[in-house]
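A quick write-up on the structure given underneath.
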Amino acid sequence: MRTALVAGNWKMNGNSASINALMEGLNAELKSNAVDVLVCPPSIYLSQVKALTADSVIALGAQNVSEQNNGAFTGEVSLEMLLDLSCEYVILGHSERRSLYAESDDLVADKFKATVAAGLKPILCVGETLEEREEGNTLAVVERQIKAVVNAAGIEQFTDAVIAYEPVWAIGTGKTATPEQAQEVHAAIRNMIAECDAELASKMRILYGGSVNAANAAELFANEDVDGGLVGGASLKTNDFIAICQAAGA
Ligand code: PEP
């Protein structure tokens, strides 16, 4: 039995006041352990959100991290810093990091290894572009992205990892994969992991991401292999995010 996880990726949005208001609303409504809830603020606000989640069931995560330990890496944030701020999860390989900041499969694998070594839980994002889907390459792309990390890190490093299937064409576009499209890829991902370790595959949470909202969450999460969501835009709207979390816990 896998407990669903709903992770809010706030991306580069918000300010101190909006974050206080959002967290006040989430803390007031999200008290159940039926679903794991995670928020991933911009790193500059992690400290603020740490204080706001102190008495809450909501966990704290980061949107990215450096693969380096420390030193002369201007603008980067280290795993030690995330641990210092009580972060539990780190999103890795988000398509915006891959496409806008040229993060390669190898770099994502390095970040994954460093994250596990530091004791944090990686949320490894994978997904195909529209062109790749239309060419019939969805599963090949997802397999390449996952295998790059499995081969570099070893399957045993996936024990506490989460995989997020995020079709690039569905992120921030308002276009959502159909429940059937999501289930097909999620089942294939679970099979890829099962080829290495069947027990681990049965326990691993695989999230769907790509324009999840209050209206479509329930039918996406109803699929056998969809264990919750990675939510961008709707995670900034208090009532929508609460509804999505409640759909995952239902
Ligand atoms: C995301 O940023 O991971 C995401 C899925 O965004 P959105 O929900 O806005 O499509």
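The values are calculated or read from the model by the stated rules, or taken from the named source; none is laboratory data. Nothing here was measured: the structure is a model prediction, and the numbers come from that model. Here the Cβ positions follow ideal geometry from the backbone for every residue, glycine too, while neighbour counts run over all protein chains shown. Each accessible area value is taken on the protein alone, full model and side chains, heavy atoms only, with ligands, DNA and RNA left out. Shrake-Rupley method; radii C 1.70, N 1.55, O 1.52, S 1.80 Å.
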Subject >> Unmet requirement for Met23, which otherwise passes all of (1) in contact with a Leu (Cβ under 6 Å, 6 or more places away or on another chain); (2) touching a residue at least 40 places away in the same chain (Cβ under 8 Å) >> reply: (2)
Original post:
What's the number of the condition Leu85 fails, among (1) open to solvent by less than 40 Å² (accessible area, probe 1.4 Å); (2) in contact with a strand residue (DSSP E or B) (Cβ under 8 Å, 6 or more places away or on another chain)?
Top reply: (1)
**OP:** For Gln157, indicate whether it is surrounded by 15 or more Cβ atoms within 10 Å (Cβ to Cβ) and either of a type in the set (Ser, Thr, Tyr) or within 16 Å of the ligand (Cβ to nearest atom) (or both).
**Re:** no
Subject >> Only one of Val126, Val90 that is open to solvent by less than 30 Å² (accessible area, probe 1.4 Å) and in contact with a Ser or Thr (Cβ under 7 Å, 6 or more places away or on another chain) >> reply: Val90
Original post:
Which condition number in (1) touching a residue at least 24 places away in the same chain (Cβ under 8 Å); (2) outside any loop (DSSP other than H, G, I, E, B); (3) farther than 26 Å from Ser32 by Cα is the one that Leu220 fails?
Top reply: (3)
Subject >> Gly174 out of contact with any Gly (no Cβ under 6 Å at 6 or more places or on another chain) and within 13 Å of the ligand (Cβ to nearest atom) >> reply: yes
Original post:
Do we have Glu184 as surrounded by fewer than 18 Cβ atoms within 10 Å (Cβ to Cβ), over 18 Å from the mean Cα position of the chain (by Cα) and modelled with pLDDT of 95 or more here?
Top reply: yes
